[in-house]
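Throughout, read-outs are computed from the coordinates displayed, never taken from laboratory work. Keep in mind that what you see is a predicted model, and the values were worked out from it rather than measured. For neighbour counting, all protein chains shown are included, and Cβ atoms are generated from backbone atoms with ideal geometry for every residue, glycine included.
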Amino acid sequence: MEQIKLVEVGPRDGLQNEANSWSVADRIAFINLLSQCQFSEIEVGSFVSPKWVPQMAQTDKVFQAIEKVPGIRYSCLVPNQMGLDAAQEVGVQNISLFTAASEAFNQKNINCSIDESFERFKPLMRQAQDHHLRVRGYVSCVIECPYAGPIMPDQVALVAAKLLAIGCDEISLGDTIGKGTPDTIKTLLTAVCAVVPLQKLAIHCHDTYGNAIDNISMAIKLGIRVIDSAMGGLGGCPYAGGQAKGNVATETVVKTLHQQGFLQDFNMDAMQRASAFVAARKTNI
């Protein structure tokens, strides 16, 4: 059976929306535990200003200190030229860029329009290509926006196609506030797959309304083979008006996919250790 690739986003997308910042030591320990699980990719952090996202402060130190296991991608999100330069200084080879399918959300999140976000990407993509970096593109609000309401699938497809055109190796479609259902996910993927190859896509579900597993199952049925999740259901989005209450929990995704035969090589014992670490860290806050 074809295997599913899991992208663990807890150390970045998860921790960035936790009320209390984790120490550098805890973030390093967390990622080292995750590295024992056999994830395809682990999102280490983001090179954003600590003024705006204090939870991601000193990502450079975290990236340098973690134990990197061969075969796992260790990626970081970069919002701008300064972030990319800082990431390259510590040897990051896999970067992520982000935009949204909603103009209103983009203005709240990165203070620019969708078109302006692509203008910002141009020099970053040139630099990434010059240095042979792998680039992942995130699209937020692929189902609904907390400010503008439902988003048309054709709009998501347009943004995803632009990310493909500028050279993104993979495009993650984010149901930022968890309003998706299997039916809307099917409609979304039908539109996006008309302009972006299926193998270039990933799905990123938040579990705000308890639909994430059903939505992921629909995505898999339609051929998606890359799934984003966060250990312990950490995080959400700090710019979603309190409506993004948590990523889908890695533990739930893994158990579901393992039962279906999609994760034959995944280390379940290591996952339990990482899960216990998250639970203990939350308890101790």
Note on segment 5-284: the mean projected area of its alpha-carbon convex hull, in nm², is 12.8 nm²
Rounded to the nearest Å, the spacing of the alpha-carbon centers of segment 6-27 and segment 132-207 is 23 Å
Considering amide H positions built from the backbone, and no H for Pro or chain starts, which residues 5 or more places from ILE171, or on another chain, come under 5 Å of its amide H? GLY137, LEU201, ALA202
Would you mind classifying segment 22-95 by shape? Square roots of the alpha carbon gyration tensor eigenvalues, ordered a ≥ b ≥ c; an a/c under 1.5 is rounded, otherwise it is prolate if a/b is larger than b/c and oblate if not. oblate
Which entries in the list LYS179/LYS221; LYS68/LYS122; LYS61/LYS179 go over 26 Å, if you measure between the two C-alpha atoms of each? LYS68/LYS122; LYS61/LYS179
Determine the relative contact order of the chain: mean sequence separation of Cα pairs under 8 Å and six or more apart, normalised by residue count, in whole percent. 22 percent
Along the dipole axis of the chain (charges at Cβ: +1 for Lys and Arg, -1 for Asp and Glu; origin at the Cα centre), the most positive-end residue among ILE216, MET268, ILE72 is MET268
Across the chain, where is the longest run that never hits GluC sites (Glu not before Pro) in a DSSP loop with at most 15 other C-beta atoms within 10 Å? 68-285
With charges set only on the Cβ (+1 for Lys and Arg, -1 for Asp and Glu), what does the dipole of the chain come to about its Cα centre, in debye to the nearest 20? 160 debye
Which whole-Hz couplings ³J(HN,Hα) result when phi for each residue of segment 198-206 is put into the Karplus expression 6.51 cos²θ - 1.76 cosθ + 1.60, θ = phi - 60°, listed in order with x for Gly and Pro? 3, 6, 8, 10, 10, 10, 10, 9, 9
For segment 131-139, Karplus couplings with θ = phi - 60° (6.51, -1.76, 1.60), whole Hz, Gly/Pro x: 9, 6, 8, 7, 10, 10, x, 9, 10
What helix-only [θ] at 222 nm does the chain give? Using -39500 (n - 2.57) per DSSP H run of at least 4, over all residues, to the nearest 500, the answer is -12000 deg cm²/dmol
Nearest-5 percent of antiparallel DSSP beta bridges in segment 5-284? 10 percent
What is the set of long-range amide H partners of VAL226 at a cut-off below 5 Å, with H atoms built 1.01 Å from backbone N? LYS5, ILE203
Table column - 3J(HN,Hα) (Hz), segment 12-27, Karplus curve with 6.51, -1.76, 1.60, x for Gly and Pro: 10, 5, x, 5, 5, 10, 6, 5, 10, 6, 7, 5, 4, 4, 5, 5
Whole-percent pair-distance distribution, where bins are 10 Å wide, for the alpha carbons of segment 75-201: 14, 45, 32, 9, 0
Least to most buried among HIS206, HIS132, by other C-beta atoms within 10 Å and fewest first, runs HIS132, HIS206
Would you mind checking which residues have amide H under 5 Å from SER96's amide H? H placed 1.01 Å from N; only 5 or more apart, or other chain. CYS76, LEU77, VAL78, ARG136
